[in-house]
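K.L.:
Take a look at the following structure, please.
The values are calculated or read from the model by the stated rules, or taken from the named source; none is laboratory data. It should be emphasised that the depicted structure is a prediction, and the values quoted were computed from it without experimental measurement. No Cβ is skipped: glycine too gets one built from the backbone with ideal geometry, and neighbour counts run over all protein chains shown. In case anyone asks, the SASA skips ligands and DNA or RNA and just uses the protein heavy atoms, side chains included. Shrake-Rupley method; radii C 1.70, N 1.55, O 1.52, S 1.80 Å.
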Amino acid sequence: MKLSQTESSMLAGKEGRATQKCMEILVALGEIYGADRLIPVSSAQVSGVSYKNLGDAGIEFLDELAVDGRARVKSTLNPAGMDLSSWKEQRINEEFARKQLEVIGAYTRLGLEPACTCTPYLAGNLPAFSEHIAWSESSAVVYANSVLGARTNREGGPSALAASLTGRTPYYGYHLDEGRTPTLRVEVSALLESPEDFSAMGYYVGKVARNGVPYFRGVESAGLEDLKTLSAALASSGGVAMFHMEGITPEANMAPKQSMDSLSFDSGDLRNARETLSDSGQPDFIAVGCPHCSLTELATIAQRLKGRTLKRELWVCCSRAVKELADKTGYSRTIEASGARLACDTCMVVAPIESMGFTVVATNSAKACHYLRNNGLRVRFLPLEKCLEEAM
Ligand code: F3S
């Protein structure tokens, strides 16, 4: 790889040990993927924040970097394993909480913002069209590439952190025009009536597309909440990092018209997709907000819960930034008056809910179903309205 003078001196350790280590990671990655150089990034988004996934080895790695490392670009964190202020109310055990706060402390010393969200684009980390970034939360990667038109590979936690601490990333994959070319045409004839329908479709298509770039045709309209949950589902059943949607996403019309494999998605496929996402059993825990809720979603939930008292545990996951807006509009008060928990900084997948005695989780997200099953829980995939009914 060809490195600039500044990059070479970073690699030689002239800007400190942490920068050198990060450069080593980026150069190794660039060589593996055939990049000829590094490019500047305008932001980073770093996963690997929950102590549940990081463990003590992760804390040690972060502490080492924090001796002389510092973020060079705007950098935000993915969700942690608990609400950073209301963890006691969430019944998180003290030892876990202490370790989680150590993780956040190390990242903060490194200069990363503890936004702790998988929707950084709703919380102040919003890249512009064609900007190069290094993000690692898979749902946010798909959303950034596809909906915002920014450019990022599916970074791992360490490579996104390395990009944050050097301001660079290897130039390959989704940073290049050719990496963004569609590979699978998806002809949609199913009627998509809710974000959950988009989520189920994403889960179905992700399995076929794997790490390709789906090009959806036939979708009449799609809002932010639809595209956010579609992005999450595509990235969980498959390794998708980008999609196009004719007439809707910004690069769909620029995509070269080449011959590609095709797939149809009709109402029967939608029904099957929904069914494969559900197990049997009465839910004892209900969680919505995967990816983290927008203010619009909180408004809908508040309207539905107004004046009601819940019988089962309900977590409404969102970023602290969006919760602050909901505090001002009164949605938070209405939601919490029902007994529901606004779970900030965390989510149903990265918090240790499986060790809290819950067995069956109802959720409106295909991605959450996928990972909760991996965590040993049974799941029910239900529309938002039905999730709230289960809680009531
Ligand atoms: Fe976000 Fe957790 Fe879902 S990180 S995308 S809410 S699994």
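K.L.:
From the set of residues in region 337-351 that are within 13 Å of the ligand (Cβ to nearest atom) and not charged (D, E, K, R), which is surrounded by the fewest Cβ atoms within 10 Å (Cβ to Cβ)?
P.N.:
Residue satisfying both the conditions and the ranking: VAL350.
K.L.:
Could you check region 309-324 and list, in sequence order, the residues that are in contact with a Gly (Cβ under 6 Å, 6 or more places away or on another chain) and open to solvent by less than 10 Å² (accessible area, probe 1.4 Å)?
P.N.:
VAL316, CYS317, CYS318
K.L.:
Could you grab the pairs with beta carbons closer than 6 Å, sequence gap of 6+ or different chains, first residue in region 360-380 and on the phi > 0 side of the Ramachandran plot, second one more than 11 Å from the ligand (Cβ to nearest atom)?
P.N.:
These pairs meet every condition: GLY376/GLU354.
K.L.:
Scan region 277-293 residue by residue and report those that are out of contact with any Lys or Arg (no Cβ under 8 Å at 6 or more places or on another chain) and loosely packed, with under 14 Cβ neighbours inside 10 Å.
P.N.:
Scanning region 277-293 gives a single hit, GLN282.
K.L.:
Then there is this: List every residue pair whose Cβ atoms lie under 6 Å apart, where the two residues are 6 or more positions apart in sequence or sit on different chains, the first residue falls within region 156-178 and is at positive phi, and the second residue, located anywhere, is in a helix (DSSP H, G or I) and not aliphatic (A, V, I, L, M).
P.N.:
GLY173/GLY179
K.L.:
Listed residues THR359, THR334; which is open to solvent by 10 Å² or more (accessible area, probe 1.4 Å) and under 20 Å from ARG91 (Cβ atoms)?
P.N.:
THR359
K.L.:
Can you find even one residue in region 39-47 that is away from the ligand (no atom under 16 Å from the Cβ), assigned to a helix (DSSP H, G or I), within 19 Å of SER319 (Cβ to Cβ) and not aromatic (Phe, Trp, Tyr)?
P.N.:
Looking for residues that are away from the ligand (no atom under 16 Å from the Cβ), assigned to a helix (DSSP H, G or I), within 19 Å of SER319 (Cβ to Cβ) and not aromatic (Phe, Trp, Tyr), one finds none in region 39-47, hence no.
K.L.:
Looking only at region 339-385, which residues are of a type in the set (Asp, Glu) and in contact with a Lys or Arg (Cβ under 8 Å, 6 or more places away or on another chain)?
P.N.:
Correct list: ASP345, GLU385.
K.L.:
Then there's this: Return the residue satisfying two criteria in turn: it lies in region 54-84 and is open to solvent by 80 Å² or more (accessible area, probe 1.4 Å) and assigned to a loop (DSSP other than H, G, I, E, B), and of such residues it is nearest to THR169 (Cα to Cα).
P.N.:
ARG72
K.L.:
Sticking with this structure for a sec: For GLU251, all conditions in the list (1) touching a His at 6+ places or on another chain (Cβ under 7 Å); (2) open to solvent by less than 10 Å² (accessible area, probe 1.4 Å) hold save one; what is the number of the exception?
P.N.:
(2)
K.L.:
Considering only region 27-50, I want to know if a residue exists there that is basic (Lys, Arg), in the same structural domain as SER139 (by TED's automatic domain parsing), closer than 23 Å to PRO120 by Cα and open to solvent by 10 Å² or more (accessible area, probe 1.4 Å).
P.N.:
Scanning region 27-50, I find no residue that is basic (Lys, Arg), in the same structural domain as SER139 (by TED's automatic domain parsing), closer than 23 Å to PRO120 by Cα and open to solvent by 10 Å² or more (accessible area, probe 1.4 Å), so the answer is no.
K.L.:
Let me ask something else. Looking only at region 234-248, how many residues end up being surrounded by fewer than 16 Cβ atoms within 10 Å (Cβ to Cβ) and more than 22 Å from ALA128 (Cα to Cα)?
P.N.:
1
K.L.:
Then there's this: Determine, yes or no, whether ILE59 is farther than 29 Å from CYS290 by Cα and of a type in the set (Val, Ile, Thr).
P.N.:
no
K.L.:
Kindly indicate whether GLY281 is in a helix (DSSP H, G or I) and away from the ligand (no atom under 16 Å from the Cβ).
P.N.:
Against the criterion (in a helix (DSSP H, G or I) and away from the ligand (no atom under 16 Å from the Cβ)), GLY281 does not qualify.
K.L.:
Would you call THR296 open to solvent by 10 Å² or more (accessible area, probe 1.4 Å), part of a helix (DSSP H, G or I) and without any contact (Cβ under 8 Å) to a residue 40 or more places away in the chain?
P.N.:
no
K.L.:
Continuing with the same structure: Would you mind telling me which numbered condition in (1) surrounded by fewer than 15 Cβ atoms within 10 Å (Cβ to Cβ); (2) not in a helix (DSSP H, G or I) THR6 fails?
P.N.:
Status for THR6: all satisfied but (2).
K.L.:
Identify, from the list GLU187, GLU178, the residue that is of a type in the set (Asp, Glu) and touching a Phe, Trp or Tyr at 6+ places or on another chain (Cβ under 9 Å).
P.N.:
Just a single option satisfies the conditions, and that option is GLU187.
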